[in-house]
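Trainee: Dumping the structure here so I can ask a few things about it.
Please treat every number below as a calculation from the coordinates, not as lab data. Treat the numbers as computed from the prediction; the structure is a model and nothing was measured. Heads up, the Cβs are rebuilt from the backbone with ideal geometry, glycines too, and the neighbour counts pull from every protein chain shown.
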Amino acid sequence: MLAALIVCALRYDAAGPAVAQSWPSRPLTMVVPFAAGGGTDVLGRIIGRRLSEILAQQVIVENVGGAGGMVGSARVAKAPPDGYQFVLGSRADAINQTLYKNPLYNFATDLAPVVLIADQPTLLVARKDLPADDLREFVAYARENQARMQMASAGAGSTGHLDCMLLNAAIGINVTHVPYRGGGPAMQDLIAGRIDYFCYAECNRQAAG
């Protein structure tokens, strides 16, 4: 969500036409709160390129991963409200507010979501040599081999983590969770066969392929 960008622009308008017309007068930074190579990163770079054209200023995409997206969002939440730094958020921001006892920011008051820019379905993807050709076979295999299987996520508390945990609960398995600092690194290990499966956004799968 391009939250801070829109909010800061409105503040400039309220300050007067001269200030509004001068923005942006220097490059902007869009924080992607996950590692490079994941779906959020792909979206961020597409959006950043187009915003650079529209605003006639460079939009720098900076990856600030950690804590399921909370570190990057917290950085923007605590940044000066000058319109030059914003975050590409996700439902991970809402998840973090309830998952952590003391989240690094208050999503309801420190950030202002303005527009939904993408709706990404979550896919269950597995290593290519996992002996299952459909969901029924995956469930049967996972139930029989859960003690030695590993499930990846883009970080503890990330949307993919919760999606996979819901899947695990629904089919009655308990699998080792391996959190990464983003979807890109997790997908690399999945492709290499070092982990068994991953609940991942469709955009991420296309980027990896």
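Trainee: Quick query: amide H of VAL64 versus all other amide H atoms, modeled in the peptide plane; which residues come in under 5 Å with a sequence gap of 5 or more or a different chain?
Mentor: VAL32, PHE34
Trainee: VAL178's amide H: which non-local residues (gap 5+, or another chain) put their own amide H closer than 5 Å, with H modeled 1.01 Å from N in plane and none for Pro or chain starts?
Mentor: Amide H neighbours of VAL178, under 5 Å, 5+ apart: MET151, ALA152, SER153.
Trainee: Right, here's the next one. Relative to the first principal axis of the alpha-carbon coordinates of the chain, what is the inclination of helix 39-55, with its axis defined by its Cα atoms, in degrees from 0 to 90 and to the nearest 10?
Mentor: For helix 39-55, the angle is close to 20 degrees.
Trainee: In nm², what is the average projected area of the convex hull enclosing the Cα atoms of the range 65-188?
Mentor: Taking the Cα atoms of the range 65-188, their convex hull projects to 9.0 nm² on average.
Trainee: 7 Å from Cα along Cα→Cβ at both ILE191 and TYR100: what's the point-to-point distance in nm?
Mentor: It is 3.0 nm.
Trainee: Please list 3J(HN,Hα) in residue order for the range 187-197, calculated via the Karplus relation 6.51 cos²θ - 1.76 cosθ + 1.60 where θ = phi - 60°; whole Hz, with x for glycine and proline.
Mentor: For the range 187-197, the Karplus-derived couplings read 5, 4, 6, 5, 4, 6, x, 7, 10, 8, 7 Hz, x marking Gly and Pro.
Trainee: If you don't mind, there's one more thing I want to ask. How far is helix 135-145 tilted, in degrees, relative to the longest principal axis of the Cα atoms in the chain, given as a value from 0 to 90 rounded to the nearest 10?
Mentor: Taking Cα atoms only, the helix is inclined about 70 degrees.
Trainee: Let me ask something else. Amide H neighbours of THR29 under 5 Å, counting only residues 5+ apart in sequence or on other chains, H built in-plane at 1.01 Å?
Mentor: ILE60, GLN85, PHE86
Trainee: How big is the chain by the Kirkwood estimate over distinct Cα pairs, in Å?
Mentor: So the Kirkwood estimate lands at 18.2 Å.
Trainee: Just for the chain, what percent of DSSP beta bridges are antiparallel, to the closest 5?
Mentor: 30 percent
Trainee: In whole angstrom, and with the biggest value first, how far do the Cα coordinates of the range 115-205 range along each principal axis?
Mentor: Each principal axis gives a Cα extent; for the range 115-205 these are 43, 26, 24 Å.
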